[in-house]
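I have placed the structure first, in the form of structure tokens, so that the comments after it can refer back to it.
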Amino acid sequence: MPGILRTVASRVAPVLRGHTFSQTANLYTRPPKEKISFVESSIAWVVLSATVLGPSGWILSHLEDYKKRD
């Protein structure tokens, strides 16, 4: 049964979508114009880590406060 649904869906989907624009990614195969320094890369990693781990660390450190709330 799933095979039949997949076949029907693959044939009906383009008709329902109508005329769509195909999206293409901007890919560059050449080396970068300028090298990113170690400091810039380190700052980027610190900001990314703080963005991801900061809120989850806050929630985990205040987990008991959330449990006590009535």
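All of the numbers you see were taken from the coordinates with simple rules; none came from a lab. Note that this is a predicted model, so its numbers are computed, not measured. Cβ coordinates were reconstructed from backbone atoms using ideal geometry, including for glycine residues, and neighbour counts include every protein chain displayed.
Odds and ends about this structure:
- Estimated 222 nm signal from helices in the chain, with DSSP H stretches of n ≥ 4 weighted -39500 (n - 2.57), rounded to 500: -21500 deg cm²/dmol
- Positive-end residue, the chain charge dipole about Cα centroid, Cβ charges, pick of Ile43, Trp58, Ile4: Ile4
- Translational diffusion of the range 27-70, µm² s⁻¹ [Kirkwood Rh, Cα pairs; Stokes-Einstein; 37 °C; 0.692 mPa s]: 239
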